[in-house]
Amino acid sequence: MTNERLIEKAIEAREKAYVPISGFKVGAALLDSEGNVFLGCNIEDPSGIGVTNVCAERCAIIKAVSEGFTDFVKIAVVGGEEELIFCAPCGACRQYMNSFSPNIKVILFSDNKINEYSLQELLPYSFNETF
């Protein structure tokens, strides 16, 4: 799947975001090694900011893992209300991705273009079994 198509899927996922607190919608599209795509959106809960909120990236990963898939190739992340703005995964999501697929590519939209990053570029000192 092309990075462009994965970004389009992330935009679709963003529309389902539930954001009564921040109003900031985020969508993610996760591609596994078998070609499956799992969508995720951010979900906010006013009862416990931070504790009960779920980021789009973790939402997509949880959906995939709950269906038995754990070998991820790429994840596209988009954010913003009307227009897309640069929206990189938070530190918790970066570490979460690392737990499943340290070689995953992260696709982000910025400066009106699609950019691909390795997870190591975004999380150079990840926590893993040797660190």
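The values are calculated or read from the model by the stated rules, or taken from the named source; none is laboratory data. Computed from a predicted model, the values in this text were never measured in an experiment. So basically every Cβ, Gly included, is an ideal-geometry build from the backbone, and we count neighbours across all protein chains shown.
Points to keep in mind about this one:
Residue-wise test of (1) over 18 Å from Glu4 (Cβ atoms); (2) modelled with pLDDT of 95 or more.
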site	(1), (2)
Leu30	no, yes
Arg58	yes, yes
Lys105	no, yes
Phe109	no, no
Thr130	yes, no
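- Residues in region 95-113 that are assigned to a loop (DSSP other than H, G, I, E, B) and out of contact with any Lys or Arg (no Cβ under 7 Å at 6 or more places or on another chain): Ser101, Pro102, Asn103, Asp111, Asn112.
- Filtered residues of region 36-90 (kept if aromatic (Phe, Trp, Tyr) and within 14 Å of Val106 (Cα to Cα)): Phe72, Phe86
- Evaluation of Lys113 against (1) on the phi < 0 side of the Ramachandran plot; (2) surrounded by 13 or more Cβ atoms within 10 Å (Cβ to Cβ) (one fails), failing number: (2)
- Filter pass, Glu116 being of a type in the set (D, E, K, R) and in a strand (DSSP E or B): yes
- Any hit, region 84-102, residues being more than 28 Å from Phe127 (Cα to Cα) and not aromatic (Phe, Trp, Tyr): yes
- Hits in region 15-31 (condition: surrounded by fewer than 19 Cβ atoms within 10 Å (Cβ to Cβ) and not aliphatic (A, V, I, L, M)): Glu15, Lys16, Tyr18, Pro20, Ser22, Gly23, Phe24
- Only a single criterion out of (1) assigned to a loop (DSSP other than H, G, I, E, B); (2) among the hydrophobic types (A, V, I, L, M, F, W, C); (3) touching a residue at least 40 places away in the same chain (Cβ under 8 Å) is not satisfied by Ile21, namely (3).
- Single residue of Ser99, Ser66 found to be modelled with pLDDT of 95 or more and farther than 13 Å from Ile7 by Cα: Ser66
- Filter result for the condition that a residue is surrounded by fewer than 15 Cβ atoms within 10 Å (Cβ to Cβ) and either within 14 Å of the chain's Cα centre (by Cα) or not in a loop (DSSP other than H, G, I, E, B) (or both), over Ala76, Ala64, Ala92: Ala92
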